[in-house]
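J.: So that we are looking at the same thing, I have put the structure below in structure tokens.
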Amino acid sequence: MSTVIRQEDLIESVADALQYISYYHPVDFIQALNQAYEREANPAAKDAMAQILINSRMCAQGHRPICQDTGIVTVFLRVGMNIRWEGSMGVSDMVNEGVRRAYLDPDNTLRASILEDPDGARRNTGDNTPCVIHYELVPGDRLDVHLAAKGGGSEAKTKFAMLNPSDSVVDWVLQMVPVMGAGWCPPGMLGVGIGGTAEKAMLLAKEALLDPIDIQELQEKGATNRAEELRLELYEKVNQLGIGAQGLGGLTTVLDVKVKDFATHAANKAVAIIPNCAATRHVHFSLDGSGPARIEPPSLDDWPEVTREAGGNVRRVNLDTVTREEIASWKPGDSLLLNGRMLTGRDAAHKRMVDMLSAGEELPVDLNDRFIYYVGPVDPVRDEVVGPAGPTTATRMDKFTRTMLEQTGLMGMVGKAERGPTAIEAIRDNRAVYLMAVGGAAYLVAQAIKSAKVLGFPELGMEAIYEFEVEDMPVTVAVDVNGESVHQSGPKIWRAKIIDGTA
């Protein structure tokens, strides 16, 4: 007798699973991150990991998103060949209906980030559909579902190459990881796919990220095949790069490296890298015809009790009165607590403002001597003034930076990870500053936001220009008025310490 999978059971299971992973980190990730936190020697990187751990526990308690970027949903379905479906919808439509319900749940609204017409109008679909679905037909009478919500910042750092058969995979990965910068919010995981064809290598890398963190167990038992040898070698050598948490320099850049391979053509060696960020979100469940899946919540005892230790160089900054003379005294790596009014804006808002400036039109906000935060917050629920509101990848705004600084009088920017050379030159030339907030700590950051109102481009939704009133929002000086970048100096210092054994 075949197993009957009801339409509503799959829809409900997908919706519940997406809500679950929005606020529960996998326990193996939390344990691995806590181990890295305890052994970290760089105070800046240690504080970044502390913020991620504190944020994770808060999200588990409050059932709110770990990251404001609640991801693009990717689903792997292993469909038993004896399954019979009961319902009027196609399986892809069932899965997408589950996604729709999850992202529109009024108790924990998730940010809709999916745009249709990707090279044209780029219209937000409003419910985070459609998702990406991969099918495999297998013997049996069960439906196995692996479900992930992948943030755009980490997905943007994906790398692919068609190597020559004699080329070294290790050398290529070690060449690519520094180029990836910190926009993928390390420490996280690297999925590496080797072989097959171009699209197969990518799929292998994405699937690899669904596996649990177990590098310590592999180190103890030793490698038994080439994929495991690569995992051990890459784990050691990538961490020796000294990139560290959030790219600030430190002992841990990756918590694990996963490698999957597949048979390939004699002339080819396809290799793909896909990173998973500090907001690692995935879960597995099965349906056997007995009803919707029931995913047991983890125990809060699995989360460490972590507190932040403010260093001696922490200073409070009043954004309403800060001067250019004051910002000139800030040094890369300094810790600040921001207070006062701050504007927000990211990709769509920046493009619209630059277009308006080019056309000689007046902007909806006065940016002179103000700070702008690169963020697309989650909608608030209940008594929140704003939902989780962590930073987005700052390099996407690099091409707008000179125009914004020179034509608006903007004083400073707040975002995630490093800035590229174009932006750094513009910051130096205009004696501005760039501050870094921790990616993967969105709910924690939101607690510092005491009020929020839309001042411009309301039709852009989460990409509108807001004004936030913040209280003790933690940031790090990443690029000072002289163009000195902590994302260049930090990894360089810690790479040397690791190599010479002084770390």
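The values are calculated or read from the model by the stated rules, or taken from the named source; none is laboratory data. Because the structure is a prediction, the values reported are computed rather than measured. Cβ: placed from backbone, ideal geometry, glycine included. Neighbour counts: every protein chain shown.
J.: Can we say Ala349 is closer than 28 Å to Asn108 by Cβ and in contact with a helix residue (DSSP H, G or I) (Cβ under 6 Å, 6 or more places away or on another chain)?
T.: yes
J.: Would you be able to say whether some residue in region 419-429 is under 20 Å from the mean Cα position of the chain (by Cα) and within 21 Å of Ser154 (Cα to Cα)?
T.: Scanning region 419-429, I find at least one residue that is under 20 Å from the mean Cα position of the chain (by Cα) and within 21 Å of Ser154 (Cα to Cα), so the answer is yes.
J.: Filter region 92-134 for residues that are hydroxyl-bearing (Ser, Thr, Tyr), in contact with a strand residue (DSSP E or B) (Cβ under 6 Å, 6 or more places away or on another chain) and farther than 19 Å from Val145 by Cβ and give the result.
T.: Thr125
J.: Can you go through Val99, Val91 and tell me which one is closer than 14 Å to Thr70 by Cα and either not hydrophobic (A, V, I, L, M, F, W, C) or not assigned by TED's automatic domain parsing to the domain that holds Gly390 (or both)?
T.: Residue meeting the stated conditions: Val99.
J.: Ala278 versus (1) touching a Gly at 6+ places or on another chain (Cβ under 9 Å); (2) at pLDDT 95 or above: which is the lone unmet condition?
T.: Of the numbered conditions (1) touching a Gly at 6+ places or on another chain (Cβ under 9 Å); (2) at pLDDT 95 or above, the odd one out for Ala278 is (2).
J.: So is Asp256 under 23 Å from Val438 (Cβ atoms), in a strand (DSSP E or B) and not aliphatic (A, V, I, L, M) or not?
T.: So Asp256 fits the description; yes.
J.: Further, regarding this structure: For Gly193, all conditions in the list (1) buried (at least 23 other Cβ atoms within 10 Å of the Cβ); (2) in contact with a Ser or Thr (Cβ under 6 Å, 6 or more places away or on another chain) hold save one; what is the number of the exception?
T.: Condition not satisfied by Gly193: (2).
J.: Also: Pairs needed: first member in region 177-199, under 23 Å from Asp167 (Cα atoms) and assigned by TED's automatic domain parsing to the domain that holds Asp211; second member anywhere, surrounded by 20 or more Cβ atoms within 10 Å (Cβ to Cβ) and of a type in the set (Ser, Thr, Tyr); C-beta distance under 8 Å; at least 6 residues apart or different chains.
T.: Pairs that qualify, where the first residue is under 23 Å from Asp167 (Cα atoms) and assigned by TED's automatic domain parsing to the domain that holds Asp211 and the partner is surrounded by 20 or more Cβ atoms within 10 Å (Cβ to Cβ) and of a type in the set (Ser, Thr, Tyr), are Val177/Thr253.
J.: Another one. Against the condition hydrophobic (A, V, I, L, M, F, W, C), part of a strand (DSSP E or B), surrounded by 13 or more Cβ atoms within 10 Å (Cβ to Cβ) and under 25 Å from the mean Cα position of the chain (by Cα), how does Val145 come out, does it pass?
T.: Spelling it out, Val145 is indeed hydrophobic (A, V, I, L, M, F, W, C), part of a strand (DSSP E or B), surrounded by 13 or more Cβ atoms within 10 Å (Cβ to Cβ) and under 25 Å from the mean Cα position of the chain (by Cα).
J.: Based on what the data block shows, is Gly183 within 27 Å of Lys46 (Cβ to Cβ), buried (at least 23 other Cβ atoms within 10 Å of the Cβ) and not aromatic (Phe, Trp, Tyr)?
T.: Considered against the rule, which asks whether it is within 27 Å of Lys46 (Cβ to Cβ), buried (at least 23 other Cβ atoms within 10 Å of the Cβ) and not aromatic (Phe, Trp, Tyr), Gly183 comes out as yes.
J.: Go through region 357-412 and report how many residues are free of Cβ contacts under 8 Å to residues at least 40 places away in the same chain, closer than 16 Å to Arg346 by Cα and basic (Lys, Arg).
T.: Within region 357-412, residues that are free of Cβ contacts under 8 Å to residues at least 40 places away in the same chain, closer than 16 Å to Arg346 by Cα and basic (Lys, Arg) number 2.
Results for (1) in a strand (DSSP E or B); (2) at pLDDT below 95; (3) of a type in the set (Lys, Arg), shown as yes or no for each residue.
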{"position": "Lys260", "(1), (2), (3)": "yes, no, yes"}
{"position": "Arg308", "(1), (2), (3)": "no, yes, yes"}
{"position": "Gly312", "(1), (2), (3)": "no, yes, no"}
{"position": "Arg341", "(1), (2), (3)": "yes, no, yes"}
{"position": "Met356", "(1), (2), (3)": "no, no, no"}
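J.: Could you say which residue among Leu343, Leu337 is surrounded by fewer than 19 Cβ atoms within 10 Å (Cβ to Cβ), in contact with a strand residue (DSSP E or B) (Cβ under 6 Å, 6 or more places away or on another chain), assigned by TED's automatic domain parsing to the domain that holds Thr476 and not polar (S, T, N, Q)?
T.: Answer to the selection: Leu337.
J.: May I pose another question? Looking at Ser56, Ser13, which is the one that is of a type outside the set (Phe, Trp, Tyr) and in the same structural domain as Asp127 (by TED's automatic domain parsing)? Give the derivation first.
T.: On the way: Ser56 fails: in the same structural domain as Asp127 (by TED's automatic domain parsing).
Criteria check complete, one pass: Ser13.
J.: Need a quick list: helices (runs of 4 or more DSSP H) entirely within region 363-468 having at least 3 residues that are out of contact with any Pro (no Cβ under 9 Å at 6 or more places or on another chain), crowded, with 19+ Cβ neighbours inside 10 Å and modelled with pLDDT of 95 or more.
T.: Passing ranges, in order: 398-408, 421-429.
J.: Any idea which residue in region 398-423 is farthest from Val479 (Cα to Cα), counting only those that are of a type in the set (Asp, Glu) and out of contact with any Lys or Arg (no Cβ under 7 Å at 6 or more places or on another chain)?
T.: Glu406
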